[in-house]
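See structure below.
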Amino acid sequence: MLFGEVVKMALASLGANKLRAALTMIGITIGVFSVISVMTAIGALQSSIESGISFLGSNIFQFAKYPANVNVGGEIKKKYQNRRNVTYREALHYAKLMEGQAREICLKSFGYEVKGQAVY
């Protein structure tokens, strides 16, 4: 078959099956639109997350027994409670290591024992 014949047959098929051709075109259009929308949403979400984290800077160092962004209750607490407590001596050691490098040094202490988290 020649290319011209193939094009004529395709156009004749489209003319004979107008509803099927229209529905196929609508389906392809919706599919392409969906992919573009999802990719745009993912890009916007990534940009939002990066800008939300960027205020922390890339030079943040924090250590703690429990993660700072996790509510330490129930099952999550059981996961982290076997970790060693951060001692005051360890916090001072890290503070000495960070001298001259840190803009702010903070030791948070919770409870009656000297344990907690150090933020540099």
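Here, each number is a calculation from the coordinates, and none is a lab measurement. Values in this document were obtained by computation on a predicted structure and should not be read as measured data. In this analysis, Cβ positions are derived from the backbone assuming ideal geometry, glycine residues included, and neighbour counts consider all displayed protein chains.
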- Note on the structure: Residue span S34 to Y88: 0.36 nm per residue of separation minus Cα-Cα distance leaves a gain in nm of 14.0 nm
- Query: So what is the orientation-averaged projected area of the range 3-54, using the convex hull of its C-alpha atoms, in nm²?
  - Reply: 5.1 nm²
- Task: Would you mind getting me the FRET efficiency between S47 and M98? Use the beta-carbon distance for r and R0 = 35 Å, nearest 0.05.
- Result: 0.65
